[in-house]
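Peer 1: Below is the structure I would like to discuss, written out as C-alpha cells.
Throughout, read-outs are computed from the coordinates displayed, never taken from laboratory work. Note that the coordinates shown come from a computational prediction; the quantities given were computed from them, not determined experimentally. Ideal geometry is used to build each Cβ from the backbone, glycine not excepted, and the neighbour counts take in all protein chains shown.
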Amino acid sequence: MCGIAGIIRFDGRPIDEAFIHGVAEGLAHRGRDSQGVLFGSAVISARGNISRTAEIALAHRRLSIIDLNQESAQPMSYADGGLWIVFNGEIYNYIELREELVHRGHHFRTRSDTEVILASYVEWGEECVKKFNGMFAFALWDEKGQKLFCARDHVGIKPFYFHCGNGFFAFASEAKPLAKGLGKALDSDGVLSYLLCMYVAGNKSMFEGVEKLPPATAMTIGADGVRRIWRYWSLEKFATAVLTPDSDRELTRAIEDAVALQLRSDVPVGVLLSGGVDSTLITAIAAGKISSFHTFTIGYEGMAVDERAHAKNIARRYGTIHHEYLVKKAEVMERVVASQRVKVN
C-alpha cells in the first residue's frame, strides 16, 4: 500500500506547496519507507502564439514491495524527464510486459513495475492500461502531451479520489487529507450512504466536491483544463467472453495463475486468513508455492461470529506460520478517544 497525491493548476496561479506537502503527510500511514514530491511546469501554447504556464505537483508515500532500491522511488521519471508518475499498487504481469518491451527496444534502469508502466505508456499510449494485470491507481504527467493521465484498476481495488476546482485539478489516494487540504466539509449524502450501507455508493465520497474515479476507468486532464474520462474494461463483456464448456477447468487455472502472480515480491508475503472459503482457497494454493508461509487472523471481542478456530484449523492443515490477534473492546475505545483528542495551546 502506497499513497499518491497531486495537483495541476491551469489558471496561471502558483501551487501552494503547503497544500501538497500537507496531503502527502496525511497519507504517511500508507507508505513508511520514503516520501517524494515533484514540482514542475509546462508552457501551454494557444492561438495567436499566446502562452501561459500550467503548474504541476506530484507526491508519493512509498511502501516498498518490488525493487527495494532507492532508484525505484517516486515520483519516477522516464523518457529523459518527459514523463513522471506516481503509482499505488502492483502490476502482477510486469515481468512479462518488461520482456516484451525490452524486445521492442526499451531500456530499464530498475526492476520495478512502476518503470514498466512508464515504458508501456511510451509504447502503447493511453491503451497501455489494457495491458496491465494488477491492482493500481496512478497519475502520469506527460510533458510533451501536456496532460495528466490517470487510471484505476479493473475492479477498483486501489483508491483514487479527485476534486475539480476553479482553475485546478487535485487528487489523492484518500478523501480525508485531500478534503482537509481543500477545506471541504462533510457531504450529507455521502455520510448517509455510509451509515446505511457501510460504504459510500457511486462516485461520491464523504466530503463535498471530492469524487471517486470509478473502477476500470481512465481520465486525462489537459494543461488547459480540458478533462476526458472513459471506461477501458467491462466486467460484463469479460464474463461473457470467458464462459465456455471448459469454464470449470479454466476457472481453476485462472485462480492458480492469479495467486502465483500475486506472490511476486521482494518482501515476505502472507494471507489474511478468515477461515472462509475464499481465503482458505488462496492459502491452500499459496502454501504449496512458498515455504514458511505466514497467515494472519483477527478476532473481535464480543462479536457473535468468531472465525479464529476455523482459521487455526486451516493453518494447521497447510502448515503455515499462523498469527492470531484479538481486538478487545477497551482497545477500540481507547483508540477512538485518542483519535478525537484536540490539542489546546
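Peer 1: Put +1 on the Cβ of every Lys and Arg and -1 on every Asp and Glu Cβ in the chain; which of ILE285, PHE207, ALA137 then has its Cα farthest towards the positive end of the dipole?
Peer 2: Looking along the dipole axis, the top candidate is PHE207.
Peer 1: Ignoring everything except DSSP H segments at least 4 long, calculate the 222 nm mean residue ellipticity for the chain; use -39,500 (n - 2.57) per segment, divide by total residues, nearest 500.
Peer 2: Calculated mean residue ellipticity at 222 nm is -9500 deg cm²/dmol.
Peer 1: Can I ask one more? Based only on the alpha carbon positions, what is the Kirkwood hydrodynamic radius of the chain, in angstrom?
Peer 2: Computed over Cα pairs of the chain, the Kirkwood hydrodynamic radius comes out at 22.3 Å.
Peer 1: Continuing with this model, one more query. Charges at C-beta only: +1 for Lys and Arg, -1 for Asp and Glu. How large is the resulting dipole of the chain about its Cα centre, in Debye rounded to 20?
Peer 2: Value, rounded to 20: 560 debye.
Peer 1: Continuing with the same structure: If a/c stays under 1.5 just call it rounded; otherwise compare a/b with b/c (prolate if a/b is bigger, oblate if not). Do that for region 80-136, with a ≥ b ≥ c from the square roots of the Cα gyration tensor eigenvalues.
Peer 2: Judged from the Cα gyration tensor, region 80-136 comes out rounded (a/c under 1.5).
Peer 1: Taking other Cβ within 10 Å of each residue's Cβ, how do ASP248, ASP11 sort, fewest first?
Peer 2: ASP248, ASP11
Peer 1: In the structure shown, do any of LYS131/LYS158; LYS130/LYS212; LYS131/LYS180; LYS130/LYS237 have a Cα-Cα gap over 25 Å, and if so which?
Peer 2: Listed pairs above 25 Å: LYS131/LYS180.
Peer 1: When only DSSP loop residues count, what chymotrypsin sites (Phe, Trp or Tyr not before Pro) in region 137-181 have their Cβ near at most 16 other Cβ atoms within 10 Å?
Peer 2: none
Peer 1: Give me, ordered by chain and number, the residues 5 or more places off ASP16 or on other chains with an amide H under 5 Å from its own placed amide H.
Peer 2: For ASP16, whose amide H was placed from the backbone, there are no distant partners under 5 Å.
Peer 1: Sticking with this one: Counting other Cβ atoms within 10 Å, which trypsin sites (Lys or Arg not before Pro) in region 76-182 have at most 15 and lie in a DSSP loop?
Peer 2: Listed in order of number, the matching sites are ARG104, ARG109, LYS144.
Peer 1: So, in nm, how far is label SER291 from label ARG249 when the simple model puts each one 7 Å beyond its Cα toward the Cβ?
Peer 2: A separation of 3.4 nm, rounded to one decimal place.
Peer 1: Can you give the charge dipole size of region 75-120 about its Cα centre, rounded to the nearest 20 debye, using +1 on the beta carbon of Lys and Arg and -1 on the beta carbon of Asp and Glu?
Peer 2: Magnitude of the dipole: close to 120 debye.
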